[in-house]
Amino acid sequence: MPLTVLIVDDTRFTRRKLSDMVKSLYPDAVITESEDGQQALDEIAKTKFDLMLLDLNMPVLDGFQTLERLQKEKSTLPVVVLSANIQTKAVERTLALGAMDFVSKPPEMDKLIRILESVGAK
């Protein structure tokens with residue numbers, strides 16, 4: 001079964017770059033892109049994903065609000081926050097809200113490999 005990844009970022013360039021990085025490692029991966037947290041939650045309601053890569057600063061529903069909703073719904077979806085906002089409080093808050101990791105943007109390829117392997121990508 002191919003790896004399924006939901007990439008959530010309001011910047012199309014960033015979504016495309018992350019998608020290209022994942023596809024370079026796992027060509028059969030199925031990538032879904034969302035522009036904001038609400039679109040992501042709508043996608044999660046329809047599809048089972050192996051991993052969500054989530055930005056923090058977005059319109060409509062930001063990364064913090066998205067994590068809060070997932071936590072309320074008792075979601076088991078692994079979420080890695082990717083953000084340029086690497087302030088200690090932001091990192092602590094995302095981890096407290098259930099994110100499995102916090103990575104500064106753009107992620108280094110070796111870090112992305114470790115993230116994907118941690119969710120069972122082969």
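A few comments on the model shown:
- In order through the stretch 87-99: 3J(HN,Hα) via Karplus (6.51 cos²θ - 1.76 cosθ + 1.60), integer Hz, x for Gly, Pro: 5, 3, 5, 5, 4, 4, 5, 5, 5, 5, 8, x, 5
- Using C-alpha pairs below 8 Å separated by at least 6 residues, the relative contact order for the chain is 23 percent.
- Take the Cβ atoms of S24 and N57, set R0 to 35 Å, and the FRET efficiency comes out at 0.85.
- Highest-MSF residue in the chain out of F64, F102, F13 [GNM, Cα springs under 10 Å]: F13
- Net charge over other residues, Cβ less than 12 angstrom from the Cβ of T76 (K, R count +1; D, E count -1): 0
- Our estimate of slack between T47 and E117, defined as 0.36 nm per intervening residue step minus the Cα-Cα distance, is 23.1 nm.
- Rounded if a/c under 1.5, otherwise prolate or oblate - the chain, Cα gyration tensor axes: rounded
- Above-threshold pairs, the threshold being 26 Å between Cα atoms, out of K48/K111; K46/K74; K48/K74; K17/K46; K23/K89: K23/K89
A short reminder: the numbers here are calculations on the coordinates, not readings from a lab. Model, not experiment: these values are computed from the prediction. Neighbour counts run over all protein chains shown; Cβ positions are idealised from the backbone, glycine included.
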